[in-house]
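Undergrad: Okay, here's the structure, questions in a sec.
Since every read-out is calculated from the coordinates, none of them should be taken as a lab result. Note that this is a predicted model, so its numbers are computed, not measured. Quick reminder, even Gly has a Cβ in these numbers, built from the backbone with ideal geometry, and neighbours come from all protein chains shown.
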Amino acid sequence: MRRGCDRAEVSSFTFQAPGFYQQHGYTEVGRMPGLPGGHAAVYLYKEFTDQPLRD
């Protein structure tokens, strides 16, 4: 937000950290299955608001 950004996009894998991002306000917007072991790539998005910044 300090740099004028109004959103963030991240990607993760089902075996990594999508739950972490969802706990921090990100919403899953896409999933691509087909990775070894039955995993998938997960795409997440968060829109910034006028909430106070945390350092």
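Undergrad: How many nm is it between the label spots at E47 and T14, if each spot is 7 Å from the Cα in line with the beta carbon?
TA: Placing both labels 7 Å beyond Cα along the Cβ direction yields 2.8 nm.
Undergrad: Sort 39-46, 1-8, 27-34 for me by packing, meaning the mean count of neighbouring Cβ atoms within 10 Å per residue, highest on top. Walk me through the numbers before you get to the answer.
TA: Values: 39-46: 17.2, 1-8: 8.1, 27-34: 10.8.
Peptide ranking by packing, descending: 39-46, 27-34, 1-8.
Undergrad: Also, quick follow-up: Rounded to the nearest 20 debye, what is the charge dipole size of the chain about its Cα centre when +1 sits on each Lys and Arg Cβ and -1 on each Asp and Glu Cβ? Write down the numbers at each step before the final one.
TA: Values: 6 positive and 6 negative charges, 20 e Å.
The calculated dipole for the chain is roughly 100 debye.
Undergrad: When Lys and Arg each count +1 and Asp and Glu each count -1, what net charge do the other residues less than 14 Å away from Y45, Cβ to Cβ, add up to? Before the final figure, lay out each step's value.
TA: On the way: positive: R7, R31, K46; negative: D6, E9, E28, E47.
Its environment carries a net charge of -1.
Undergrad: What fraction, in whole percent, of alpha-carbon pairs in the chain exceed 19 Å separation?
TA: Working: 521 of 1485 pairs.
Tail of P(r) above 19 Å: 35 percent of Cα pairs.
Undergrad: Continuing with the same structure: With r defined as the distance between the Cβ atoms of C5 and V29 and R0 fixed at 22 Å, what FRET efficiency is calculated, to the nearest 0.05?
TA: 0.80
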